[in-house]
Amino acid sequence: MARAAFRPTASISDVIDFSRNHFELFGLPARFRLDGPVLDAAYRRLQSDVHPDRHAHADDAVRRIAAQSSARVNEAYRALKDPVRRAQYLLQLHGVDAGAGAQLPVEFLEQQLERREAAAAAVAAGDDRALTALVAEVRADTRAREERLADQLDGARAYADSRDRVRELMFLVKLAADLDAMLVTLEDR
Amino acid sequence: MALLQISEPGESPAPHQRRRAIGIDLGTTNSLVATVRHGLAVVLPDEEGRPLVPSIVRYAEDAVEAGYTAMEHQARDPQNTIVSVKRLMGRGLADLADARRFPYRFVDAPGMVRIATRAGVKSPVEISADLLRALRARAEASLGGPVDGAVVTVPAYFDDGQRQATKDAAQLAGLPVLRLLNEPTAAAIAYGLDNASEGVYAVYDLGGGTFDISILRLSKGVFEVLATNGDSALGGDDFDHRVFCWVIEAAKLPPLSPADARQLLVKAREAKENLSEHDEATIAATLAGGAVINLTLTKAIFTEITANLVAKTLQPVKRALRDAQLAPGDVKGVVLVGGATRMPQIRRAVAEYFGQPPLTNLNPDEVVALGAAVQANKLVGNRERNDDWLLLDVIPLSLGLETMGGLTEKIIPRNSTIPVARAQEFTTYKDGQTAMAIHVVQGERERVADCRSLGRFELRGIPPMVAGAARIRVTFEVDADGLLEVAAREQTTGIAATIAVKPSYGLSDDEVARMLQDSFAHAADDMQARALAEAQVEADQLAEATRSALAADGDLLDAEERAEVDVALARLATARAGHDHAALRAEVAALSRATDEFAARRMNRSVARALTGKRVDALSD
């Protein structure tokens, strides 16, 4: 990194130090359980320092670095704010790729298949109440699983063993997004 | 004394001078320009005190008219009087489902539609630039000098092509654009700074031709846009058109001439505006053929014939809340923006949906321009009280690439906070493939055909490898204006073939060059004159210095050397009499080279003179 080439605010040079992980960037412990408001406040504080609008009068080099830094802070915030992305990132920090081919339990897959069938039936019947209830059920299931995952990650620190649980959550997030899209289509009719 | 005028690097020569910053709301129906004066955002009115500029441009016989002047002629000269040009920005004829509603002579062109006028074929960018020139003139008259920086607002739901077209129009009008700002966000700035609010706010912005909804969180001086949604082809114009259709049906009118159609549309708009205050409105007109129309439109009928338009605005509202993962009850206040939100049925629908009456303490016509002025004032560097705030906005639509089978691969999802940069790797699918076509698209649909195409480019020079071995990294970068740049690079070999595209909306390079030439022809003349004047000053200084040096120390040169300098001096004098600044600069450089050795000998002589009479040991430390 060409860090010595210019001297902007201290915050910018901290942010473009790519050896720091997302948790370190926000000054937070690398854990799954995370204080949302503390993350939000740290995010706003960092953006207040590095956002290109704060350097609108600096020279081109500083403005370019401000844009890159601001984009990096946005990326880090996105990775940590959402629980499932945060779990994936935490695993990645411990050398575990949550995306790599995992074998999910048959019961889990069957349950999701049933939910998809129920959603399709609700759409066919134009029953948006049933679909809304199904979305709520998937969300509640997701939250319960996140709680169990938190114990596994922050308590037992069982990163490799958590991989399949994280994958199940990724599966549920995709399901919830698809059901949401179906709900939009149903409401637009 | 010249030396006393030297200022510190980076410091402007007059640090206390305020810079002229303006915010422009470039609307479908009306436009406004505002500035910050004594810490307060104010709209700049014309000499008659009118704050709005009707967004109408007329190409008259020998002049371009904009605003009220153009409006007066719209019914008489409909084909050369362009209204609602914002609806055409970045749009092809195929995009305009309602092309028949416009009385213009459209010319189909790749990317963006054109209009044939008596002043020639005009693109929406040029027409918008003519409108922006009028706003710029108003601002310069009011502020007493050229504008240093402008923030121009765009609907949050504008895609990349529409944004790029708006920015080009502003540049064509000679405005230094500091930022494109989303209209609802501008309104939130005006409201937030006025009321020092904290919490989640919804901005419901129904303009003349566009609808936007933005959900923002205001916290400790940070305006964070959580989600935005909308419909870039739905606005107050559509309500006028419903009334217009109702009149045609109720009066059983045959197909209308462009002039009659425009007259009736104006009457329809007046009736709509009257119904915000009264229970009924009269629509009276005499058409060119002599037919007399005299109808009464009641509030009840108006509400009924526009009910589905009102309902149509609530779908994007629901989607935005869902994307922000919030419920209507989480919203602390709803801000109404746009003249169309004066319609009582809109206010009722919004109040019902959010369970609270909307905020209307700022003028819905002015609030966007005021917010833009505040942002412009900050970006241009004028210091104010309470200016320690920051805006974090989002992109409205997902950005992606076409992959095999005509499907879209999303690289940056909608509602991502900007600036944002994201990369994804792709590979070759054939042995020895040396090029890869990259097609950039914007939209939410799975199929490329259903998304908006932003641009295509080709990455060439990939070294031949077996299929799947190349690693092509495609990087998407969206800046703080919401504008995209795409770059592609082959990773494995270290041979980096990189290309960057700015997605275009279909104006060809030639067209852009011609427009810029038209608009900057005078600026270019000015630059020539300036360059020549600078070169002349330099030539005179060097010639004078050379002559006085020859007079003082001419004996340092032998005859041949002296002749060389004299020739260079004579050539300089010849170039000085002409108008070619490049030729003059060349002669300045030649004389300078011819006198290098002479200057060095003079330096030695003056050092020797200075040393005469000094003791050697005095020099040793």
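Which whole number of Å³ per residue matches the convex hull of the alpha-carbon atoms in chain A? It would help to have the intermediate numbers written out before the result.
Numbers: hull volume 28.4 nm³, N = 189.
Taking the convex hull of the Cα positions in chain A, it is 150 Å³ per residue.
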- Query: Of A:THR132, A:ALA119, A:ALA79, which is farthest along the charge dipole of region A:58-146 in the positive direction, counting Lys and Arg as +1 and Asp and Glu as -1 at C-beta?
  - Reply: A:ALA79
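Using a simple charge model, +1 on the beta-carbon of Lys and Arg, -1 on the beta-carbon of Asp and Glu, nothing else, what dipole does the protein assembly as shown show about its Cα centre, in debye to the nearest 20?
The dipole of the protein assembly as shown has a size of about 800 debye.
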- Item | Probe 1.4 Å, all protein chains present, accessible-area order of B:TYR104, B:TYR353, largest first | B:TYR353, B:TYR104
- Task: Go through B:CYS451, B:CYS245 and list them by solvent-accessible area, largest first, probe radius 1.4 Å.
- Result: B:CYS245, B:CYS451
- Could you pull the accessible area for A:ASP151 with a 1.4 Å probe, rounded to 10 Å²? 90 Å²
- Please determine, in degrees from 0 to 90 and to the nearest 10, the orientation of helix B:509-553 with respect to the longest principal axis defined by the Cα atoms of chain B, where the helix direction is its Cα long axis. 20 degrees
- In Å², what does the accessible area per residue of the protein assembly as shown work out to with a 1.4 Å probe? 48 Å²
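Taking 8 Å as the Cα distance limit and 6 or more residues as the minimum spacing, I'd like the relative contact order of chain A as a percentage. Show your work: numbers first, answer last.
Values: 154 pairs, mean separation 40.6, N = 189.
Rounded, it is 22 percent for chain A.
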- Counting only C-alpha contacts under 8 Å and six or more residues apart, can you give the relative contact order of region A:106-187 as a whole percent? 41 percent
- Task: Quick one: order A:GLU117, B:GLU140 from most to least accessible surface, probe 1.4 Å.
- Result: A:GLU117, B:GLU140
- Message: How large is log10 of I(q)/I(0) for region A:87-164 at q = 0.17, 0.22 Å⁻¹ when the intensity is taken from the Debye formula with one equal scatterer per alpha-carbon?
- Response: -0.80, -1.02
- Between B:THR434 and A:ARG139, with labels modelled 7 Å along Cα→Cβ, what's the label distance in nm to one decimal, could you check? 5.6 nm
- Rounded to one decimal in nm, the spacing of the 7 Å Cα→Cβ label points at B:ALA545 and A:GLU147 is 8.3 nm
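What's the magnitude of the charge dipole for chain B around its Cα centre, counting Lys and Arg as +1 and Asp and Glu as -1 at the beta-carbon? Answer in Debye, nearest 20. Show your work: numbers first, answer last.
Working: 69 positive and 84 negative charges, 238 e Å.
That gives a dipole near 1140 debye.
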- Query: Taking B:LYS410 as the anchor, which lysines have their alpha carbon closer than 22 Å to its alpha carbon, excluding any fewer than eight residues away along the same chain?
  - Reply: A:LYS81, A:LYS174, B:LYS502
- Roughly speaking, to the nearest percent, how much of the protein assembly as shown's 1.4 Å accessible area is carbon and sulfur? 51 percent
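Average the reciprocal distances over every distinct pair of alpha-carbons in region A:12-81, invert the result, and give the Kirkwood radius in Å. Don't skip to the end; give the middle numbers.
Working: mean 1/r = 0.0810 Å⁻¹.
It is 12.3 Å.
If Lys and Arg each add +1 and Asp and Glu each add -1, what is the summed charge of the other residues whose beta carbon sits under 9 Å from the beta carbon of B:SER416? Walk me through the intermediate numbers first.
On the way: positive: A:ARG78, B:ARG414, B:ARG422; negative: none.
Cβ neighbours under 9 Å give a net charge of +3.
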- Message: Please give the charge dipole size of region B:236-286, origin at the Cα centre, charges +1 on K and R Cβ atoms and -1 on D and E Cβ atoms. Round to the nearest 20 debye.
- Response: 260 debye
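Between A and B, buried accessible area summed over both sides at probe 1.4 Å, in Å² to the nearest 100?
Working: alone 10850 and 30180 Å², together 38990 Å².
Adding both sides of the contact gives about 2000 Å².
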- With unit charges on the beta carbon (Lys/Arg positive, Asp/Glu negative), name the residue among A:ALA58, A:GLN152, A:LEU25 whose Cα is farthest towards the positive pole of the charge dipole of chain A. A:ALA58
- For chain B, state the semi-axes of the equivalent ellipsoid (square roots of 5 times the eigenvalues of the alpha-carbon gyration tensor), sorted largest first and rounded to whole angstrom. 56, 32, 27
- Note on the structure: With label points set 7 Å from each Cα along the Cα-to-Cβ direction at A:ALA118 and B:ALA582, the distance between them in nm comes to 7.7 nm
- Item | For the protein assembly as shown, alpha-carbon Rg and Dmax in angstrom | 32.5, 114
- B:THR117 accessible area, nearest 10 Å², 1.4 Å probe? 10 Å²
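Counting each DSSP H run of 4 or more residues in chain A as -39500 (n - 2.57), what helix-only mean residue ellipticity at 222 nm follows after dividing by all residues, to the nearest 500 deg cm²/dmol?
-22000 deg cm²/dmol
Grab the other residues whose beta carbon is less than 10 angstrom from that of B:PRO184, score K and R as +1, D and E as -1, and report the net.
Net charge in that neighbourhood comes out at -4.
How much net charge surrounds B:THR298 when only the other residues with a Cβ under 11 Å from the Cβ of B:THR298 are counted, with Lys and Arg +1 and Asp and Glu -1? Mind showing how you got there, number by number?
Working: positive: B:LYS299; negative: B:ASP279, B:GLU280, B:GLU304.
That works out to -2.
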- Message: Nearest 10 degrees is fine. How inclined is helix A:60-81 to the longest principal axis of chain A, computing both from alpha carbons?
- Response: 30 degrees
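Counting each DSSP H run of 4 or more residues in chain B as -39500 (n - 2.57), what helix-only mean residue ellipticity at 222 nm follows after dividing by all residues, to the nearest 500 deg cm²/dmol?
Working: 14 runs with 225 residues, N = 621.
My calculation for chain B gives -12000 deg cm²/dmol from helical runs alone.
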- Nearest 10 degrees, 0 to 90: helix B:183-195 Cα axis against chain B principal axis: 90 degrees
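List the relative contact order of chain B as a percent without decimals, with contacts defined as Cα pairs under 8 Å and 6+ residues apart.
On the way: 1153 pairs, mean separation 76.6, N = 621.
This gives 12 percent for chain B.
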- If unit charges are put on Cβ atoms (+1 for Lys and Arg, -1 for Asp and Glu) and the dipole of the protein assembly as shown is taken about its Cα centre, the option from B:THR282, B:VAL292, B:VAL222 lying farthest towards the positive end turns out to be B:VAL222
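The values are calculated or read from the model by the stated rules, or taken from the named source; none is laboratory data. Every value quoted in this text rests on a predicted model; they were computed, and no experiment measured them. No Cβ is skipped: glycine too gets one built from the backbone with ideal geometry, and neighbour counts run over all protein chains shown. Protein only, heavy atoms only, side chains kept; ligands, DNA and RNA dropped before computing areas. Shrake-Rupley method; radii C 1.70, N 1.55, O 1.52, S 1.80 Å.
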